[in-house]
Structures are given as C-alpha cells and as structure tokens.
Amino acid sequence: MIKLHSLALAAALLAAAAASPVHAQDARAVQERAPEIATGYTEKTGVSAERFMVAAANPHATNAGYEMLKQGGSAIDAAIATQLVLTLVEPQSSGIGGGAFVMHFDGKRVQAYDGRETAPSAATEKLFQDASGKPLSREAGVVGGRSTGAPGVLRMLELAHKEHGKLPWAALFGPAIKLAEGGFAVSPRLNGLLTWDKYIGRDPVAAAYFYDKDKQPWPVGHLLKNPELARTLREVAKGGADAFYKGRIAADIAAKVASHPTNPGLLTAADIASYRAKQRDPVCADYKAWTVCGMPPPSSGGIAIAQMLGVLEQKGIQNYPPVDGKPGAEAIHLFTEAGRLAYADRARYVADTDFVPLPGKGVAALLDKHYLQQRAALISERSMGRAKYGVPETVAVAWGADTAIESPATSHLVAVDAYGNGVSMTTSVEDAFGSRQMVDGFILNNQLTDFSFDAVDENGPVANRVQPGKRPRSAMSPTLVFDKGTKKLVLATGSPGGSAIINYVAKVLVGTLDWKLDVQQAISLPNFGSRNGPTELEAARIAPEVVEALKARGHEVRQYEQNSGLQGIMRVTRGGKEIWFGGADPRREGIVRGD
C-alpha cells in the first residue's frame, strides 16, 4: 500500500444537453454529448444500524445485499448479490457486461480490486479514428460493437469472493434469479431513460425486451421479466465465472459484437477467455486526522481526489462550511480551483500503468507535499479558468493531450458487515445502456470510448491511447477513509457520474471530514466543481448571489442538473456507542438498509 504522509422529461433533456464533458485546457474537445439524464430529486434521511449495512442505487439491489448480510454473509457477498440485481433493474448503468472497481477492507488491510474492461487483442490506436486519422463522432464511437471491451465484473467479484466470501457463490445469485424470473416493476428512472435514449431501441433484442409492440417503453410499474438473464445467472452460479468467460456466453458476446450491422467490433471469445482481474496497491494519503484510500490507475480517482484534498488542506477549506446546507462563494471557489489543478494532471499523465508509467516516481511524485504546495500556490482570488498540468520532480516523459469520451452511466454501492469488513464498489457499462447491445439478458459496455480518440499530438503519444489488452482510464472513485490514529474504517463512499465522479466524491469527503456534516447531509449538498473548464453548479441549488460572486471572481459558470448517485456509510458515535450511519443520493432511487 502506498502511504504518503504529508422530473419533467423535457427539462431533463435540456439539462442533459447542457452537460457536455469538459476536458483539460490543452485537449481538443470531442463531441457534445448528453449523459444519462437526471430524473428528479427526492429528499432523504439517513439510516442507522449497529452491526451491518448496505446502500445501493435501487431498492431491489439494496434488499438483495441486505438479505446476504442478514444470512451472515460478508460485505463482498452483499456486493455480489447487489451487483447481480443491478444488472437486472438498472441495466442502463451497470451489469455483468461491464466493469468495476472495488475497494475492500478486511479489518487489517486495504485492497484494490480491478475489474476494468480490456481492449481486444486486435485493437490499435486508430480504433476510434476514420480513414484520414480524425477522431470519430461520439455516436460512431459509442454505439455498436467497436466500443465493447472484455467485461471484468464477474472475474473481479469471483476473485474477491475467494478471499473474503462467507456464503457459497451460488447462494449470492438467488435474489437476482428470482427477480428476473418473477419480474420487477419498471422504475421511473428506467422508464425515463428508455424514453430519452434514441439508440437502445435499434437493437432488436433490446427493443423486444424494453419496448411494447408500438415501440413505446414499458410504463412505470410494468412487470418486466428477464428469463434470458435468469438462464445466464444460473449457469454462472453453477459453473463460476468460467461459465461466462469460456463457454456459451462468451461466444454469444463475441458474435453480437462482430455482427453489429453498421459498427462491428473486434472483441473475440479468446479475448474474453483471457481476461484477468487484478489486485493493485491502493492509493492512500493522509489528510489531517484521516487516511483516505482510493483506486490506483487505471482509475484516476484515487490520485485526483488525493491531490484535491492536499491542495484544499493548504487553503483552509474547513473555514468555509455551508450555511443552511448551501455552500458559499469562497468554498466553491477553492474547491473548483483545486479541481482544475487535479483534472489537468489527470488528463496529462494518468492511464493504465501496466502500459504507461506515471511521471517520475509515480503516485508519490503526483502526491508529493512540496509539489502540491506549488500547485496550491497557483490559486488566487480570481479563477484561473483553465489550469496547466504540473511538472512533478523527476518527470522523464511527456505525453499528449487526452480526448476520451467519458459518460456518467454508472452505479455505486457500499457495504459493511458484522465481521469488520467494508466495501466500496463503483460499477459501470459506461454510457447509458452501454454500446446499446443486449445479449443473454444483459447490456454490453462501451468502455473502450474511455480511451483517447487521439493517439498522439505535438507533445508526444497520448498516455490513454488505445493499445491491445490495455484498460481505459476511468474516473471511478470508490473510496475508504480511516482514522489515522486508530486505523478504524470511518467512511465508505463513491458515486457514478463520468469524469465528474471525482468532484462528487471529493464533495462528500470535504462535507464529512472538514465541515462535520453527517454523510446524508454531505451527499445532499448541492453538487459543484470544475473539470478544468467552466465552474459547474447544480441547477437551482446555488444562491443567485453566490453565482454572481463567482462570476465577479472570473468564473465561467454553467448550471445544469448534475446526476450524481452517491452512497455512503460512516462510523458515528451516538450515546457513547459507535454505530453505522448511511446515506443515499436524493438524485437517484437508492436506499440504505441495515441492522
């Protein structure tokens, strides 16, 4: 472990159209894009429990995880059961056709499990370029077989279960199989996304499943059954992950990818069979009285959040708490400026370190206290607009600018069990409904569009360019926080949200650790941040006078509905006794359960 001391649909559509991705200051912008849309805001109160707890983005999924914990299962057992149900009830966001990252604590050590997808063996750096070498449009990149990488979720979960599972593997599939066979009621969020998306209905398999004979999405409350997924899950429950990676299912995935009528892909059954999940060293950095641990590359989340916290520690963010649940101009100014600095480094340096080294001494160089002091000194009373990437000591390589398309169709879950284990897991198919391909009851990912569409620029090769077998860079940021003195787990949190995930998670960390809010209050705070472009504020939730104060300080402000999906579980003391307190994002359908 690296240790450093130092709901109107029209309104939703308009918000989505305003929410195009923001890249580093020197990156050529790619296509304007509409993310997974926001579908409303419902105030939530936190939940207390003494022994165990789980929180996920859909009640059915939370209930599945809770059932495992109630039966004496571990946090990993709960996470697996939760993910399998999310595959069914939240197919637009995650599933066994995608990838995931897990941060796990077993009471003694922190582990990072990497289930990120990999590029096909036949892929080249020109995968997302036309014949003239120009990057493809977003639609040409995302929709179809070209964008699908070898799924990693099940291999990763099996690896974690072998180490930390307490219930039999097959038992974890029970809730999802039962729900797939018996049916579940279509939720408002699923219905809204099916109404909004114009691509998923073009896949004949998906169209027959999600839409009626008049090509209308099934209404809210419709009982939707998925016998194909039930069959798939029964096979994997019996045969382990090999049943997915080496048999009928892998062949079906490869055939689906290759047979797309307009945009076939390169993924083969051999690519799927050769996929390996990995354990990696987590990125852990001390922040005041805590140690914050996040995912290492190919995720950029652990490094970027640690950089933001390192900068904010020097700028005194704790002195600017929200008033009545609303952050002021100074807090937003400092937070967004820290974000600009971190996102600039992220775009320049971070990629799959199995292929591309980090600058100089790696993570240590980017989180070096002296380096972050230099970065923090760049923050003044006025916004810097766009930050330039930094140059840590001992940097020996120069990289080109990244032009990846990153989408917020993702989900997050957290769990703590009665044995002292904790899990934070972010899981994704990338864009809403992934590559818009359905096979054997589940959606296939489009994660390969998280690679840069450009391979090289005047500065040199792009770190996050496509290479065979490589894992695309991610912003997914499952995070665990520990008391620096006692080493106890204090907080497990994370969020979906594409490249904005980093800001969403950092907001919760600042809210809980610096502003002393409970985790539900921190999750419910208005979202704000910068991805090294405009200052992005959640629509209608920041006071007009604060917006004007930011503009007066040089901020280019963009307000839109920000579709986070934060979950969090935090250790608190009530009546002299330590208990768990959990929160779920009001912007999604999730709930918290525990005993």
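Condition check: surrounded by fewer than 24 Cβ atoms within 10 Å (Cβ to Cβ) and either assigned by TED's automatic domain parsing to the domain that holds Phe52 or outside any strand (DSSP E or B) (or both). Does Ala131 satisfy that? Give the steps one after another, and end with the answer.
Working: surrounded by fewer than 24 Cβ atoms within 10 Å (Cβ to Cβ): yes; either assigned by TED's automatic domain parsing to the domain that holds Phe52 or outside any strand (DSSP E or B) (or both): yes.
The answer is yes for Ala131.
Being in contact with a His (Cβ under 8 Å, 6 or more places away or on another chain) and of a type outside the set (Phe, Trp, Tyr), is that true of even one residue in segment 86-96?
yes
Scan segment 44-68 for residues that are surrounded by fewer than 24 Cβ atoms within 10 Å (Cβ to Cβ) and outside any helix (DSSP H, G or I) and report the count.
8
Quick test for you: out of Asn445, Asn464, Asn527, pick the one residue that is touching a Gly at 6+ places or on another chain (Cβ under 8 Å) and either surrounded by 24 or more Cβ atoms within 10 Å (Cβ to Cβ) or within 19 Å of Asp114 (Cβ to Cβ) (or both).
Numbers: Asn464 fails: touching a Gly at 6+ places or on another chain (Cβ under 8 Å); Asn527 fails: touching a Gly at 6+ places or on another chain (Cβ under 8 Å).
Step by step, each of Asn445, Asn464, Asn527 is checked, and only Asn445 is touching a Gly at 6+ places or on another chain (Cβ under 8 Å) and either surrounded by 24 or more Cβ atoms within 10 Å (Cβ to Cβ) or within 19 Å of Asp114 (Cβ to Cβ) (or both).
Would you mention how many residues in segment 428-459 are of a type in the set (A, V, I, L, M) and either assigned to a loop (DSSP other than H, G, I, E, B) or not assigned by TED's automatic domain parsing to the domain that holds Gln83 (or both)?
The number of residues fulfilling the criteria is 3.
Mind telling me which of the residues Pro468, Pro496, Pro534 ends up being touching a strand residue (DSSP E or B) at 6+ places or on another chain (Cβ under 9 Å) and either closer than 30 Å to Asn421 by Cβ or at pLDDT below 95 (or both)?
Answer to the selection: Pro496.
I'm checking my understanding of the structure. Among residues of segment 358-397 that are part of a loop (DSSP other than H, G, I, E, B) and of a type in the set (Val, Ile, Thr), which one is surrounded by the most Cβ atoms within 10 Å (Cβ to Cβ)?
Ile379
Counting only residues that are charged (D, E, K, R) and assigned to a loop (DSSP other than H, G, I, E, B), which one in segment 471-486 is nearest to Glu578 (Cα to Cα)?
Lys484
So if I check each of Asp518, Asp457, which one is among the charged types (D, E, K, R), out of contact with any Asp or Glu (no Cβ under 7 Å at 6 or more places or on another chain), surrounded by fewer than 24 Cβ atoms within 10 Å (Cβ to Cβ) and over 30 Å from Glu139 (Cβ atoms)?
Criteria check complete, one pass: Asp518.
Tell me, please, whether a residue that is more than 25 Å from Val143 (Cβ to Cβ) and part of a loop (DSSP other than H, G, I, E, B) can be found in segment 189-206.
No, that holds for no residue.
Report whether or not Thr479 is farther than 25 Å from Ile253 by Cα and either under 18 Å from the mean Cα position of the chain (by Cα) or modelled with pLDDT of 95 or more (or both).
yes
Only one of Gly583, Gly565, Gly576 is in contact with an Asp or Glu (Cβ under 6 Å, 6 or more places away or on another chain) and either under 17 Å from Lys326 (Cα atoms) or not hydrophobic (A, V, I, L, M, F, W, C) (or both). Can you tell me which?
When all the criteria are applied, what remains is Gly565.
Take segment 306-344 and flag every residue that is of a type in the set (Lys, Arg) and not in a helix (DSSP H, G or I). Give the derivation first.
Residues of segment 306-344 of a type in the set (Lys, Arg): 315, 326, 340.
Answer for segment 306-344, where residues must be of a type in the set (Lys, Arg) and not in a helix (DSSP H, G or I): just Lys326.
Kindly indicate which of Asp324, Asp281 is over 18 Å from Thr493 (Cβ atoms) and modelled with pLDDT under 95.
Asp324
Considering only residues that are farther than 13 Å from Leu444 by Cβ and touching a Lys or Arg at 6+ places or on another chain (Cβ under 7 Å), look in segment 229-275 and name the one that is surrounded by the fewest Cβ atoms within 10 Å (Cβ to Cβ).
Ala273
When you go through Gly576, Gly568 one by one, which is the residue that is surrounded by 23 or more Cβ atoms within 10 Å (Cβ to Cβ) and assigned by TED's automatic domain parsing to the domain that holds Val481?
Working: Gly576 fails: surrounded by 23 or more Cβ atoms within 10 Å (Cβ to Cβ).
Being surrounded by 23 or more Cβ atoms within 10 Å (Cβ to Cβ) and assigned by TED's automatic domain parsing to the domain that holds Val481 holds for just one of Gly576, Gly568, which is Gly568.
Surrounded by fewer than 20 Cβ atoms within 10 Å (Cβ to Cβ), under 20 Å from Gly497 (Cβ atoms) and of a type outside the set (Lys, Arg): is that true of Pro188 in this structure?
The answer is yes for Pro188.
What pairs come up if the first residue lies in segment 345-357 and is surrounded by 24 or more Cβ atoms within 10 Å (Cβ to Cβ) and part of a loop (DSSP other than H, G, I, E, B), the second is of a type in the set (A, V, I, L, M) and at pLDDT below 90, and their beta carbons are under 9 Å apart, counting only those six or more places apart or on different chains?
From segment 345-357, the pairs are Val350/Val356; Val350/Leu358; Val350/Ala463; Ala351/Leu358; Ala351/Val462; Ala351/Ala463.
Would you pick out the residues in segment 428-447 that are within 16 Å of Leu84 (Cα to Cα) and among the hydroxyl-bearing types (Ser, Thr, Tyr)?
Within segment 428-447, Ser428 is the sole residue that qualifies.
Could you check Leu229 against (1) farther than 21 Å from Ala269 by Cα; (2) under 26 Å from the mean Cα position of the chain (by Cα) and say which number it fails?
Here Leu229 meets the rest and fails (1).
Taking segment 138-182 only, how many residues are farther than 20 Å from Gly73 by Cβ, surrounded by fewer than 22 Cβ atoms within 10 Å (Cβ to Cβ) and hydrophobic (A, V, I, L, M, F, W, C)?
1
Hey, can you tell me all the residues within segment 262-321 that are within 20 Å of Gly511 (Cα to Cα) and of a type in the set (Gly, Ala, Ser)?
Keep residues of segment 262-321 that are within 20 Å of Gly511 (Cα to Cα), which gives 284-294, 301-321.
Ala285, Ala289, Gly294, Gly301, Gly302, Ala304, Ala306, Gly310, Gly316, listed by residue number.
The values are calculated or read from the model by the stated rules, or taken from the named source; none is laboratory data. Computed from a predicted structure; not experimentally measured. A quick note on method: Cβ atoms are made from the backbone with ideal geometry, for glycine too, and the neighbour counts reach across all protein chains shown.
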